[in-house]
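Report on the following structure.
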Amino acid sequence: MNSKLNPYYLVGLVDGEGCFSITFNRHKNNKIEIRLIFEIELREDDKEILNRVRKTLDCGNIYYLNYERYKKWRPHFKYKVSNLKDITQKIIPFFEKYPLQAKKRKSFEVFSKVASLMLTKRHLIPEVILEIKKLKEGFRKETRWMREIRTSSGESHKSL
């Protein structure tokens, strides 16, 4: 099939299965590198959806993942965008035009803020690196709190 997806379908898919991440890597020279990654992982039999995501967003790559050492993990595919130009010119504008509806919106907002800092090279300033770490940690604490309010049966409490 390999046609473009309805943008609202893609928003729902990302709200449920997508990930906007900020990573920090320390190099041997002690310099910190910040990377932005947008990704969606789906079961092996849903690869066609990821092909359509790539066609719709006009960027990214799809990778096959098979962790044989983990018995419960099934082979799956990952759609991944880590190129800053693609993130700032395709991913962010798409989700600004078609906003996320669930809690993933908060991680997208932090992701977008860090992308704008990277475009202006402000992410290279030590104080700004600390600011980015605080933004990321603040979001992580919030999502951790949301997970902790789930009951042992996996049901969410109705009032938040």
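Read the figures in this text as sums done on the coordinates, not as results from a lab. The structure presented is a predicted model; accordingly, all values stated were derived computationally and were not measured. Every residue, glycine as well, gets a Cβ built from its backbone with ideal geometry; the counts of neighbours run over all protein chains shown.
Going by amide H atoms built from the backbone, whose H comes under 5 Å of the H on residue 5, apart from near neighbours?
HN-HN under 5 Å from residue 5: 56.
Compute the length gained on full extension between residue 131 and residue 78: take 0.36 nm times their separation in residues and subtract their Cα-Cα distance, giving the result in nm to one decimal. The partial results should precede the final answer.
On the way: separation 53, 0.36 × 53 = 19.08 nm, distance 2.95 nm.
The span from residue 131 to residue 78 would gain 16.1 nm if fully extended.
With θ set to phi - 60° and the Karplus curve 6.51 cos²θ - 1.76 cosθ + 1.60, what are the ³J(HN,Hα) couplings of the range 119-128 in order, to the nearest whole Hz, using x for Gly and Pro?
4, 8, 6, 5, 5, 8, 7, x, 5, 6
Neighbouring Cβ atoms within 10 Å as the yardstick, rank 46, 58 fewest first.
On the way: 46 15, 58 11.
Ascending Cβ contact count within 10 Å gives the list 58, 46.
So which GluC sites (Glu not before Pro) in the range 31-73 pass both tests, a DSSP loop state and at most 15 other Cβ atoms within 10 Å of the Cβ? Spell out each step's value before the answer.
On the way: sites: 33, 39, 41, 44, 48, 68; in loops: 68.
Sites meeting the loop and neighbour criteria: 68.
Given Cα pairs under 8 Å that are at least 6 residues apart, what percent is the relative contact order of the range 8-59? Mind dumping the intermediate values first?
On the way: 40 pairs, mean separation 15.7, N = 52.
The normalised contact order for the range 8-59 reaches 30 percent.
Stretched out fully, how many nm does the piece from residue 47 to residue 32 gain, at 0.36 nm a residue minus the Cα gap? Write out the running numbers ahead of the final one.
Numbers: separation 15, 0.36 × 15 = 5.40 nm, distance 3.42 nm.
Taking residue 47 through residue 32 to full extension adds about 2.0 nm, to one decimal.
Using only the Cα atoms of the range 93-133, build the gyration tensor, take square roots of its eigenvalues as a ≥ b ≥ c, and label the shape rounded, prolate or oblate: rounded if a/c is under 1.5, else prolate if a/b is larger than b/c, else oblate. It would help to have the intermediate numbers written out before the result.
Numbers: a/c = 6.45, a/b = 1.98, b/c = 3.27.
Verdict is oblate for the range 93-133.
Give me a comma-separated list of calculated 3J(HN,Hα) values for the range 90-104, in order, Karplus coefficients 6.51, -1.76, 1.60 applied at θ = phi - 60°, integers in Hz, x for any Gly or Pro.
Listing the rounded values in order: 10, 5, 4, x, 4, 7, 7, 6, 10, x, 5, 10, 10, 4, 4 Hz.
Which shape class applies to the range 25-109: rounded if a/c is under 1.5, otherwise prolate when a/b exceeds b/c and oblate if not, where a ≥ b ≥ c are the square roots of the Cα gyration tensor eigenvalues? Spell out each step's value before the answer.
Details: a/c = 1.78, a/b = 1.08, b/c = 1.65.
Oblate shape, in that a/c is at least 1.5 and b/c is the bigger or equal ratio.
Would you order 130, 124 from fewest to most other beta-carbon atoms within 10 Å of each residue's own beta-carbon? Don't skip to the answer; put the middle values down first.
Values: 130 10, 124 14.
So the ranking, lowest neighbour count to highest, is 130, 124.
So if each residue of separation counts as 0.36 nm, and I subtract the Cα-Cα distance between residue 102 and residue 62, what length gain in nm does that give? Don't jump to the answer; show the numbers that get you there.
Values: separation 40, 0.36 × 40 = 14.40 nm, distance 2.48 nm.
Net length gain for the segment: 11.9 nm.
Which whole-number percentage describes the relative contact order of the range 7-148, with Cα contacts under 8 Å and a sequence gap of 6 or more? Could the numbers behind the result be given before it?
Numbers: 169 pairs, mean separation 33.3, N = 142.
23 percent.
Computed over the Cα atoms of the range 7-148, what is the ratio Rg over Rh, Rh following Kirkwood? Before the final figure, lay out each step's value.
Numbers: Rg = 16.0 Å, Rh = 16.3 Å.
The Rg/Rh ratio comes out at 0.98.
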